[in-house]
Amino acid sequence: MSTGKKLFIKGNEAVAYGALAAGCKCFFGYPITPQNDIPEFMSKAMPKAGGQFVQAESEVAAANMLLGAAACGVRAMTSSSSPGVSLKQEAISYMAGSELPGVIVNMNRGGPGLGDIGPSQGDYFQSVKGGGHGDYRTLVLAPGNCQEAYDLTMLAFDLAYKYTNPVLILGDAILGQMKEPVSVGEPIAVDEAEGGDWKLTGAKGRPYRILKSLHLEEGSLAEHNLKLAAKYESMRGEVRFESFETKDAELVVVAYGSIGRIVKTVVRKLRQEGLKVGLFRPITLYPYPSAALVELAQEGKRFLTVEHNMGQMIEDVRLSLCGLADSAFFGFPPGNMPTPEDFEQPVRQALGR
Amino acid sequence: MTEKIAFERPKPLADRATHYCPGCSHGIVHRLVAETLQDMDLVENTIAVSAIGCSVFLYNYIMVDTVEAPHGRAPAVATGVKRARPDRFVFTYQGDGDLASIGMAEIMHCANRGERVSVVFVNNTIYGMTGGQMAPTTLVGQKTTTCPSGRCRDSEGMPIRMAEIIASLGGTAYASRVAVDTIKHLNQAKKALRKAFEVQVNGLGFGFVEFLATCPTNWKMSSIDANKRIAEEMIPYFPLGDFKDVTTGKGVC
Ligand SMILES: Cc1ncc(C[n+]2csc(CCOP(=O)(O)OP(=O)(O)O)c2C)c(N)n1
């Protein structure tokens, strides 16, 4: 994937480098903290890469520009943070309905409403359960460090085209603003034939094509929804997660993204004391790594879900474990910046030590 | 005696009955668009963006590659299309509710950026598809299902004149208002449409044509009376003509 050139960059920049490496040729943005590094980077990088950067008039417009570029089969991306991603939901729903590929980045900040500009995982429901209208799903990738932000952004483009579906990258203000060494590579050569059987190019020498989500003819929408459901089911194979020290663990802490990273520090510390604790970090939030959680439950492990919100992913953990086990929950409220110390006590408590 | 065909269906226009009501102008504007695409040899190079309104089924009648935009967002979608495929001809086809109400931000900024796209704007002073509600273009005194005693200037404001507004923006190369109620106006309309397409093809900027159009069903008028209303009520408030044309210098500052 990468050729080993190491850069010391922010998570936001890692996302931008990942998009470049994946052959992204159109970027549509709108300013909002804490993701401004992405559009700023892309405003310089896109023209150099022979692509296009547009600062849209709003996130509504940016996401609809993404829809337009996607309809042409050109690799394209938009990025924002929570309030802006709410505005993108219209286009995301239309893209899902019209089966168009595109990458949408959310560097989650505190909410609801204007909230703050600090980190939060308050957009889990919006991202994973479909933030827009209609019966649809988007793949959701949740990087936990800057290298992953790069790698998963590259992957997001491939998945978007594989499934002709929008793909979300869900990070947060911690990931966006922290700097780490990241191995980056040269842009891949995107296959010219990508999207060849559906993309709009002008109907030269072939029947004309329509990309739409309106289905008024009798039975047509039902048929479309069944087709989409089968596609979402086929995404199961894309499940990704990290299991850390879970083998002999009595307690498995389930946490994603930056919070998973912080919990890992806690696990390391408690392991030094001989406490049998591990971390399960979902990397794909949709599809959710339920089967792997079930396996851990079958081994008799107990669970604690830790989130930077007041309880969202916990619902998926409990659904996954349903009938086998339960999970305790610790929610750290958006608005404050968590440290390993904040999670240590809840983990000890769940361990009973 | 031999027959002479004086009037043929343009090739990009599908040979099928439309879903439009009798006397509706959408069919006429569709034909003008299809004719102009054919005349300018653009058919196989075109990507159309359809909008939400009665004309959402544009793609059932004009046989070019088409993507359907959410309500009001066609100019943003067209921006994405044009940026992704700068060498293709891109146009949107939008109603007055779509363009001048929910999509006001998108049309203004698309024009202001000077996106090389063309916009076909059909102003029938009403929301047709949803059953005749008030539009931003509804004339003062005009009755609709949501202003049953007539649009009132004090509470609902004045109808918005889009062609003039679009002409005032820096990225606009051509902005015109036309009507499709008489043969003379039809000929003018066709010329204006061609110009709005040409400024895109020639890379001059954003092209915009507003068509004053009928909606007999929601106006609760016969087709003939609806057609008359264009001259009697609409043109006095929405004057016809070019408001900006960079090729002649008109309206350019
Ligand atoms: C977000 C959203 N709001 C409302 C609607 C409902 N809707 C469909 S068409 C339409 C307006 C159509 O009026 P206009 O643009 O004037 O076109 P016409 O039908 O008169 O040609 C509305 C409000 C919608 N589809 N989406």
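The values are calculated or read from the model by the stated rules, or taken from the named source; none is laboratory data. This structure is a prediction, so every number in the text was calculated from the model and none was measured. Reconstructed Cβ throughout: ideal geometry from the backbone, glycine too, with neighbour counts over all protein chains shown. The protein model used for the area step is the full one, side chains on, heavy atoms only, and it has no ligands, DNA or RNA in it. Shrake-Rupley method; radii C 1.70, N 1.55, O 1.52, S 1.80 Å.
Can you pull out the buried accessible area for chains B and A, both sides counted, probe 1.4 Å, rounded to the nearest 100 Å²?
On the way: alone 11550 and 14840 Å², together 23650 Å².
Counting both chains, the buried surface is close to 2700 Å².
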| task | Determine the calculated [θ] at 222 nm for chain A from helices alone, applying -39500 (n - 2.57) to every DSSP H run no shorter than 4 residues and normalising by the residue count; nearest 500 deg cm²/dmol. | result | -12500 deg cm²/dmol
| field | A:7, B:139, ranked by accessible area, largest first (probe 1.4 Å) | value | A:7, B:139
| field | Cα-based convex hull, chain B, per residue volume (Å³, whole number) | value | 132
| request: For the protein assembly as shown, evaluate the Debye formula with one uniform point scatterer on each Cα (no solvent term) and list log10 I(q)/I(0) at q = 0.06 Å⁻¹, rounded to two decimals. | output: -0.37
| note | The set of residues whose placed amide H lies less than 5 Å from the amide H of residue B:47, leaving out same-chain residues fewer than 5 positions away, is B:89, B:90, B:91
| message | Could you tell me which residue out of A:165, A:303, A:76 lies farthest along the dipole of chain A toward its positive end? Charges go on the beta carbon: Lys and Arg +1, Asp and Glu -1, centred on the Cα centre. | response | A:76
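Enter the per residue convex hull volume of the stretch B:79-186, computed from alpha-carbon coordinates, in Å³ rounded to the nearest integer.
128
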| Accessible area drop of at least 30 Å² (1.4 Å probe, protein heavy atoms): which residues of the stretch A:184-213 qualify, relative to the chain alone? | A:200, A:201, A:202, A:203, A:204, A:208, A:210, A:211, A:212
| task | Any chance you could look up the accessible area of residue B:194 with a 1.4 Å probe, heavy atoms only, rounded to 10 Å²? | result | 90
| task | Give the carbon-plus-sulfur fraction of the accessible surface of the stretch A:241-352 in %, rounded to a whole number; probe 1.4 Å, heavy atoms of protein chains only. | result | 50
| said: Can you give me the long-range amide H partners of residue A:23? Hydrogens built in the peptide plane at 1.01 Å from N, cutoff under 5 Å, separation of 5 or more residues or another chain. | reply: A:188
| task | Only counting protein heavy atoms at a 1.4 Å probe, give the residues of the stretch B:71-86, ordered by number, whose accessible area falls by 30 Å² or more when the other protein chains are present relative to the chain alone. | result | B:73, B:76, B:77, B:80, B:83, B:84, B:85
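For A:82, A:243, give me the order by solvent-accessible area with a 1.4 Å probe, most accessible first, ignoring ligands, DNA and RNA.
Details: A:82 10, A:243 60 Å².
So, going from the largest accessible area down, we get A:243, A:82.
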| message | Between 0 and 90 degrees, rounded to the nearest ten: what's the tilt of helix A:340-351 against the longest Cα principal axis of chain A? | response | 60
| request: Using amide H atoms built 1.01 Å from N in the peptide plane, name the residues 5+ places from residue A:141, or on other chains, whose amide H lies under 5 Å from its own. | output: A:168, A:169, A:170, A:285
| request: Mind telling me which of A:300, A:202, A:130 comes out most flexible in a GNM of chain A, alpha-carbon contacts under 10 Å? | output: A:202
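Could you please tell me the mean projected area of the C-alpha convex hull for chain A, averaged over all directions and given in square nanometres to one decimal?
Numbers: hull surface 74.1 nm².
Quarter of the Cα hull surface area: 18.5 nm².
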| task | Step through the residues of the stretch B:161-175 one at a time and calculate ³J(HN,Hα) from phi using the Karplus curve (6.51 cos²θ - 1.76 cosθ + 1.60, θ = phi - 60°), rounding each to whole Hz and writing x for Gly and Pro. | result | 9, 6, 4, 5, 5, 4, 4, 7, 8, x, x, 6, 9, 8, 9
| task | Output the pairs from A:231/A:301; A:162/A:199; A:204/B:11; A:129/A:264; B:184/B:228 with a Cα-Cα distance over 21 Å in this structure; if there are none, say none. | result | A:231/A:301; A:129/A:264
| field | Average accessible area per residue (Å²) across the protein assembly as shown - probe 1.4 Å, nucleic acids and ligands excluded | value | 39
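Taking every pair of alpha-carbon atoms in the stretch A:117-172, give the share separated by more than 19 Å as a whole percent.
Every Cα pair in the stretch A:117-172 considered, those over 19 Å come to 33 percent.
Determine, for each peptide in B:169-179, A:93-103, the mean count of other beta carbons within 10 angstrom over its residues, then list the peptides with the highest first.
On the way: B:169-179: 24.1, A:93-103: 26.3.
Final packing ranking: A:93-103, B:169-179.
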| request: For chain A, find the longest principal axis of its Cα atoms and tell me its angle to the long axis of helix A:82-98, 0 to 90°, nearest 10. | output: 60
| If you count, for every residue in B:43-51, the Cβ atoms of partner chains within 10 Å of its Cβ, what is the mean? | 5
| query | Per-residue HN-Hα couplings for the stretch A:301-307, Karplus 6.51 cos²θ - 1.76 cosθ + 1.60 at θ = phi - 60°, whole Hz, x for Gly and Pro? | reply | 7, 9, 10, 9, 9, 10, 9
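Order B:212-223, A:117-128 from most to least packed using the mean count of other Cβ atoms within 10 Å.
Details: B:212-223: 20.8, A:117-128: 22.8.
So the peptides B:212-223, A:117-128, ranked by packing, come out A:117-128, B:212-223.
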| field | Taking all pairs of distinct alpha-carbon atoms in the stretch B:42-130, Kirkwood radius in angstrom | value | 12.7
| note | A correct Karplus calculation of ³J(HN,Hα) over the stretch A:161-170, with 6.51 cos²θ - 1.76 cosθ + 1.60, θ = phi - 60°, whole Hz and x for Gly and Pro, returns 7, 4, 9, 5, 8, x, 10, 9, 9, 10
| field | Fully extended contour minus Cα-Cα distance, from residue A:341 to residue A:198, at 0.36 nm per residue | value | 46.3 nm
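Averaged across A:72-78, how many Cβ atoms of other chains sit within 10 Å of each residue's Cβ atom? Numbers along the way, then the final one.
Details: counts 11, 2, 5, 1, 3, 0, 1.
Per residue, the average neighbour count from other chains is 3.
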| note | Any GluC sites (Glu not before Pro) in the stretch B:1-84 that lie in a DSSP loop and have at most 13 other Cβ atoms within 10 Å would be B:3, B:8
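Taking the Cα centre of the stretch A:241-352 as the origin, how large is its charge dipole in debye, to the nearest 20, when only Lys and Arg (+1) and Asp and Glu (-1) carry charge on their Cβ atoms?
Values: 12 positive and 14 negative charges, 46 e Å.
Here the stretch A:241-352 has a charge dipole of around 220 debye.
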| Once the Cα atoms of helix A:37-48 and of chain A are each reduced to a long axis, what angle between those two axes, in degrees from 0 to 90 to the nearest 10, is obtained? | 40
| task | Specify the inter-centroid distance of the stretch A:185-253 and the stretch A:105-141, based on alpha-carbon positions, in whole Å. | result | 20
| remark: In whole percent, the Cα-Cα distances of the stretch A:241-352 spread across 5 Å bins from 0 upward as 2, 13, 26, 27, 20, 9, 2, 0
| query | So, in Å, what gap is there between the alpha-carbon centers of the stretch A:277-326 and the stretch A:7-67? | reply | 33
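Take the solvent-accessible surface of the protein heavy atoms, probe 1.4 Å, and return the percent of it on the stretch B:26-245 that carbon and sulfur atoms account for.
Values: 3850 of 7170 Å².
The nonpolar share, carbon plus sulfur, comes to 54 percent.
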| request: Kindly sort A:322, B:152 by accessible area of their heavy atoms, largest first, with the probe set to 1.4 Å. | output: A:322, B:152
